[in-house]
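Undergrad: Structure provided below as structure tokens; questions to follow.
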Amino acid sequence: MRNLDALKYGLLTLLFVALTLAAEKPNVIVIMADDMGYGDVSAYGADTFRTPYIDQLASEGQMFTSGYCSASTCTPTRYSFLTGTYAFRRPNTGIAPPNSPAVVKPGTETIASILSTVGYKSAVIGKWHLGLGGPEGPDWNGELKPGPREIGFDYNFLLPTTNDRVPQVYVENNRVLNLDPNDPLWVGNEKPSPDHPTGITHRDTLKMDWSHGHNSTIHNGISRIGFYTGGHAARFRDEDLADEWVKQSNNWIEENKDGPFFLFFASHDLHVPRIPHERFQGVTSLGYRADSIVQLDWCVGELMKTLDRLGIAEETLVIFCSDNGPVMDDGYEDLALENLGKHRAAGPYTGGKYSIYEGGTRTPFITRWKGKIKPGVSDEMVSTIDLVASLAALTGAKISDDAALDSYNLIDVLLGKSGAEGRDHLVQQDNGRGNNYGLRVGKWKLQRHDSKTARNVVVETKLANTKVNQYRLYDLSKDPEEKNDLYKKRPKIAKRLTVQLAEIIDSGRSR
Ligand code: NG6
Ligand code: CA
């Protein structure tokens, strides 16, 4: 008996060694743009400005025409990208406010914790917007825990929320960087004193006016969502964010060049307030929105140059994606809409940020691994939510059965292997739990506009907030703009997709 056990153990060990050897452990860099639409890259059709570095990634790798994020706002997409579970399954995963506690709870398996089990070092550098701290929210003057390091990242250098929300400080690991204890940082929802200057009382001093919301505390001539005082030595200039992300990333890559490493480069471009560095202001004819795209493109170029300089481009899988579709006026008068001209930020699609139309979640999506991925264009369906399972499969890491509930292993598709198939269905959500959904199955697209759309979410159509759910059905192969509703004309397909969507939502998992 004992011999048999020993034999079993030996065989299992052999199997494990074989699997480990078969696994590949390239470095992985995920570059996530903020609010970038399908048509915002020249490789994807933008022709009033150019994005040479992103285009180069596309020409050297797989360029997906059905690449998606899982939600059309930031927090839920990021939640799902990290955890592999649809955000609508979890409470409080909608757009996070300035004092939000950590949205991903410690103990949750994430892309970083899963990769760490097979030897990866990982970092997130850039916009976080997934809350920090326990149920009481962030302790800005103390330890900001839990944060990324409590869910698997080894290092983080963050803009804690999103830059139209307070505060404008960097967080390095669990602390606000350069915080002077004699000038504590206070963040809140209420005006801290009657004479506290705001975007309303001091509107004439602003360097960029607000159009809706964004009229509380002023920093760097821009009023924001929420109030804060103190922490002056820690505050940054909006103009310097992109340079800082590149600098920090280059340092971290250099320190970890022997790999394997996983870097989540979370750009703030092109989210509002769009204040690119002075050297990018005016480089396009479209204003600061497109100037910010060119700035992001520069960041991509800098990161790729670092890989080349360190000789690790052939050991690094680079994934470029976005957290939601485009938006023009998102609260500031930066003339994005007025300067738009012929540019179509969502490409041929309808809708954008906040929307369950294709424009909300179908975005640029590129994978490049020099010497490994054969360059080409793929129309297979892939989503940011699939990166957890795909990278686990690539590297031989295990995912618990009760984690990453909606993440599919699409590694062969992401690596451009011929004949590999992408998703046969994908749920698209707008913001938090209980909102509106899209379901794409092949060429069919179902929209479900829910009866109980959460308040404080931008409601995109009159369909929302009705007494019963409203459905629409489109044939994307003939009608990419989702204009011609076939819900009544194609009752069998309509029924099938309606039931499928309800099952995915109700069953609690789709993996
Ligand atoms: C909205 C903000 C918008 C933006 C968005 C989050 C208002 C009126 N609108 O509530 O400006 O901050 O939240 O964007 O305040 S996201 O890309 O981070 O999800
Ligand atoms: Ca976003």
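The values are calculated or read from the model by the stated rules, or taken from the named source; none is laboratory data. The shown structure was predicted, so the numbers you read here are calculated from the model rather than taken from an experiment. Methodologically, a virtual Cβ is constructed for each residue, glycine included, from the backbone with ideal geometry; neighbour enumeration extends over all protein chains shown. The accessibility values were calculated without ligands, DNA or RNA, using every heavy atom of the protein model including side chains. Shrake-Rupley method; radii C 1.70, N 1.55, O 1.52, S 1.80 Å.
Undergrad: Please compute the Kirkwood hydrodynamic radius of the chain from all pairs of different C-alpha atoms, in Å with one decimal.
TA: One over the average 1/r among Cα pairs gives 23.3 Å for the chain.
Undergrad: Can you give me the distance in nm between label points at Arg237 and Lys478, each placed 7 Å from the Cα along the Cα-to-Cβ direction?
TA: 5.6 nm
Undergrad: Over the range 221-361, what lengths in whole Å, largest first, do the semi-axes of the equivalent ellipsoid take, defined as the square roots of 5 times the eigenvalues of the alpha-carbon gyration tensor?
TA: 28, 21, 15
Undergrad: Test of the criteria: in the range 361-403, which trypsin sites (Lys or Arg not before Pro) are in a DSSP loop and have at most 13 other Cβ atoms within 10 angstrom of their Cβ?
TA: Those that pass, being in a loop and sparsely packed, are Lys398.
Undergrad: A further question on this structure: Determine the sum of side-chain charges near Met328: Lys and Arg each +1, Asp and Glu each -1, restricted to other residues whose C-beta is under 12 angstrom from that of Met328.
TA: -3
Undergrad: Still on this structure, please answer the following. Can you list which of the trypsin sites (Lys or Arg not before Pro) found in the range 298-344 are DSSP loop residues with at most 15 other C-beta atoms within 10 Å?
TA: Here the sparse-neighbourhood loop sites are Lys342.
Undergrad: What accessible area per residue, rounded to a whole number of Å², is obtained for the chain using a probe radius of 1.4 Å?
TA: Ligands and nucleic acids excluded, the result is 40 Å² per residue.
Undergrad: Report, for the chain, the % of DSSP beta bridges that are antiparallel, rounded to 5.
TA: Around 50 percent antiparallel, to the nearest 5.
Undergrad: If the label point is 7 Å along Cα→Cβ of Glu136, which residues in the range 90-118 have backbone nitrogen under 20 Å from it?
TA: Taking a point 7 Å out along Cα→Cβ of Glu136, the residues of the range 90-118 whose backbone N falls under 20 Å are 97-106.
Undergrad: Round to a whole number: what % of the accessible area of the chain belongs to carbon and sulfur, probe 1.4 Å?
TA: Within the chain, the accessible surface is 52 percent carbon and sulfur.
Undergrad: Something else about it: Take each uninterrupted DSSP H stretch in the chain, measure its Cα extent along the helix axis, and return the ones at 15 Å or beyond whose mean Kyte-Doolittle hydropathy is at least -1.0.
TA: Passing helices, by number: 2-22, 288-309, 491-507.
Undergrad: For the range 170-184, in order, what is each residue's ³J(HN,Hα) by Karplus, 6.51 cos²θ - 1.76 cosθ + 1.60 with θ = phi - 60°, in whole Hz (x at glycine and Pro)?
TA: 8, 10, 10, 6, 9, 9, 6, 6, 6, 7, 8, x, 7, 9, x
Undergrad: At most 10 other Cβ atoms within 10 Å and a DSSP loop assignment: could you name the GluC sites (Glu not before Pro) in the range 126-198 that fit?
TA: For GluC sites (Glu not before Pro) across the range 126-198 that sit outside H, G, I, E and B with at most 10 neighbouring Cβ atoms in 10 Å, the list reads Glu136, Glu190.
Undergrad: Kirkwood Rh and Cα-based Rg: tell me the resulting Rg over Rh for the range 16-151, rounded to two decimals.
TA: 1.02
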